[in-house]
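These notes are about the structure you will find just below.
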Amino acid sequence: MLFSVLIYASEDFIDALTPEEHQEMMKKHGAFHEDTKTNKNFAAATKLMSTGTAVTINRDSDDFVVTDGPFAETKEQFMGFYLIDCPNLEEAIEKVKILPLDHGRIEIRPVEYFEGADFNNAERLVINAS
Amino acid sequence: MQSVWLSTHLRAARPRVLAALNRAFGDIDLAEDAFQEASLKALKSWQQDAVPNDPAAWLIVAGRNAGIDAFRKKSRETLSAPEDLEPVLEEANPEDELTRALDQSVYRDDILRLLFTCCHPVLRREQQIALSLKIVAGLSVDEIARAFLVQPKTMEQRITRAKKRIQAAKLPYEEPDAKARTERFSAVANAIYLVFNEGYSASQGPELIRGTLCEEAIRLARLLVRLYPEEPELRGLLALCLIQHSRQNARLNADGEAVTLEDQDRTTWDRKLIAEGNILLEAALRRANPGPFQIEAAIAATHTRSNSYEETDWNELEKLYRALEVIRPSPVVALNRIVVLAKMGGPQEALEQLKRLEAPLQRYASYYAVKGSFLAELGETELARQAFGRALDYSGTDAERRHVLKVLSKLDDTDLLPNSGKRP
C-alpha cells in the first residue's frame, strides 16, 4: 500500500535553525532516504518552497480570483511529503520514526490514487528516479 | 514535543513576542527586559516539561507578567500601572488565553510597528541596521559590534542613542492609514536591504559574521512575506536577496579575491535560491504594481537566465535599468545602465555618456573601474591605467583592491603585445 508522509512545521522555527541544527535535521531525512531506498519502500520525495511563494486560487461566480499567499495562516505550515510503499500501516509508522520528530508534526495518510509524470520545466530541482 | 533546541525556539519566537510586548508596554527597553525574563523562565520550565505547542504565546504571557512586575516596581514612586495591564493568571492555560492576542491581524501590525520603530526615519542608516539586528533579530551587542568592526561599548552607545531618538520622536500607536502603511513597508524593506547589503558587499569585517547578516536579513524578509504576501515589494525584496545570495560561493575565489559577474563560475550559483527568487518575483509582478525592489530583483533574475556572461540579455537589462532610473533615479543606477549600453553599442558612445556622472560619482571606485574598462577596450591603455589607479584609491575592501590590481597587471601584459588594447 502507498502511504503519504505529510510533514508540518513552523516556518519561523525552521528559519531560526542554526546551520548545525539544520544539518542534524537533514541527516535524519538522509537516513530515511537511505532506508526506504535500500528496502524498496521509496516512491517519492517532495520539499515545498516557503509559503511566501504560494498563491491561492478561488472561483468567484464567473471569475477566477488569485490571492497571494496560502489560504489560511496557521502556526504550522505544510512543508513537504514523502510517498512510501509499505505492506501495512505498522511498517509505515516504523519507517517514519527515522524522520526528525522533535519539532513539528508528521501525518501518515494512505494514498488512494497516484500517478507519476515526466517533467518539462522542472530543470535541476527534480530528480527523476531511474 | 521534546525539549530540544530551546534557544532556537526562543530565536524563532522573538519577533512576534517582542512585537506583542512592545504593544503592551509601549516601551522597547521594557519589552526587551521582559523578553529576557521570559526567556530565562522558559529555559528552566521547557527543560523540565516540554516545549509548549505555541512557544510565542507562552513567552508573551510570561513576558507580560514579568514586565508588569518591573513596571510596578518602577512606578511605585511615580504612577500606577495602566488598567489593561493585568497579569495573566499562571494557572490559566496561557495558550488559550492568548490565542486572541496572536490573531493574525493583530500580530501582523505589531511586527510591522516594531520593525518600523527600529528603522524610523529619524534614525541614521547605521542606527537602523543596529536596532533591527539587536531588537528584532536578537543578535547580541557583541555580535553586531564585531560585524561593524567597532568596540562593543561603541555599539552599545549607538543603540542607546538610537532608542532615545525614537522615544523622543514618539511613534503614534493608532492604526496607520493606507499611505502611512505603504511608507512603513518601504522604510522597513529598505532597512532589511541595508542589513543584507552590509553582509553582501562586505565593505569590511570578518566573512563569517557578514554571512550572518545576509541570513538574518533573509529571515526577516521571509517573516514579512509570510505576514504580508499581498505586498509585492516585500516579495521583490526577498527575491532580490535570495538571488544575490545564490552567488555567494562564486563571488570570491580561493584567494579571497572578488570575482565579477563576468568571470563567475555559474555552475556554483545556488539553483534552489534562484528558483525561489524567480517564482517570488513572478508572483509579485502579477500585482502589476512594480517598485524598486521588484525591478532590482528582475535585473538579478535576468542574469540567472543566461548560461554565460556573453549570452546576457542586454536589451532586457537596458529596459529594466531605464525603469529603475524613472522610479528611483540615482547616479549608480545610471552607471549600471551605461555599462549595459556599452555592451549593446560599444564603448565610445558609453564613454561619452559617462562624463555626466563624473561629479556625483567622483569617490566611487566602480565609476573609475567602468571608465577604465571602456578606455582599455578603445586601446587607450595609458588612460585606462590612470582610471584603474583612481579605482584603487577608492576601493573599500581588500578583495576589491586585489581585483583592480589584477586588472592592472593584465593591462601591463597586453601593453607588451603589438596592437594591444583589448582586454583578453
Within 10 Å of each Cβ in A:50-59, the average number of Cβ atoms from other chains: 5
Which of B:His403, B:His9 has the fewest other C-beta atoms within 10 Å, and how do the rest follow up to the most? B:His403, B:His9
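For B:Thr397 and A:Phe114, what does the FRET efficiency come to when R0 = 45 Å and r is the distance between their Cβ atoms, rounded to the nearest 0.05?
0.25
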Pairwise label distance in nanometres, A:Asn88 with A:Asp63, each label 7 Å out on the Cα-Cβ vector: 5.4
In peptide A:8-21, how many Cβ atoms from other protein chains are near each Cβ within 10 Å, on average? 5
Cα-centre dipole for region A:4-51 with unit charges at Cβ (Lys and Arg positive, Asp and Glu negative), debye to 20: 400
Can you tell me the length gained on complete extension of the stretch B:Asp313 to B:Arg165, counting 0.36 nm per residue apart and subtracting the Cα distance? 48.6 nm
Please rank A:Leu101, B:Leu375, fewest neighbouring Cβ atoms within 10 Å first, as an exposure proxy. A:Leu101, B:Leu375
Quick note on B:Ser246, B:Ser132, B:Ser201, ordering by fewest other C-beta atoms within 10 Å, gives B:Ser201, B:Ser246, B:Ser132
Once a ≥ b ≥ c are taken as the square roots of the eigenvalues of the Cα gyration tensor of chain B, is the result rounded (a/c under 1.5), prolate (a/b larger than b/c) or oblate (a/b not larger than b/c)? prolate
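Counting Lys and Arg as +1 and Asp and Glu as -1, each charge on the Cβ, what is the dipole of chain A about the Cα centre in debye, to the nearest 20?
On the way: 12 positive and 24 negative charges, 93 e Å.
I would put it at about 440 debye.
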Based on the Cβ-Cβ distance of B:Asp69 and A:Leu2, what FRET efficiency does E = 1/(1 + (r/R0)^6) give at R0 = 51 Å, to the nearest 0.05? 0.35
Roughly how many Å is it from the Cα centre of region B:261-302 to that of region B:14-78, as a whole number? 39
Using all Cα-Cα distances in region B:247-317, what percent lands in each 5 angstrom bin from 0 up to the longest? 3, 15, 23, 22, 19, 11, 5, 1, 0
Alpha carbon convex hull of region B:156-309, projected area averaged over orientations, nm²: 10.8
Using R₀ = 22 Å, calculate the FRET efficiency as 1/(1 + (r/R₀)^6) where r is the Cβ-Cβ separation of B:Leu261 and B:Leu405; round to 0.05. 0.70
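Coordinate-derived values only; no laboratory data. Predicted, not measured: the structure shown is a model, and the values here were computed from it. Reconstructed Cβ throughout: ideal geometry from the backbone, glycine too, with neighbour counts over all protein chains shown.
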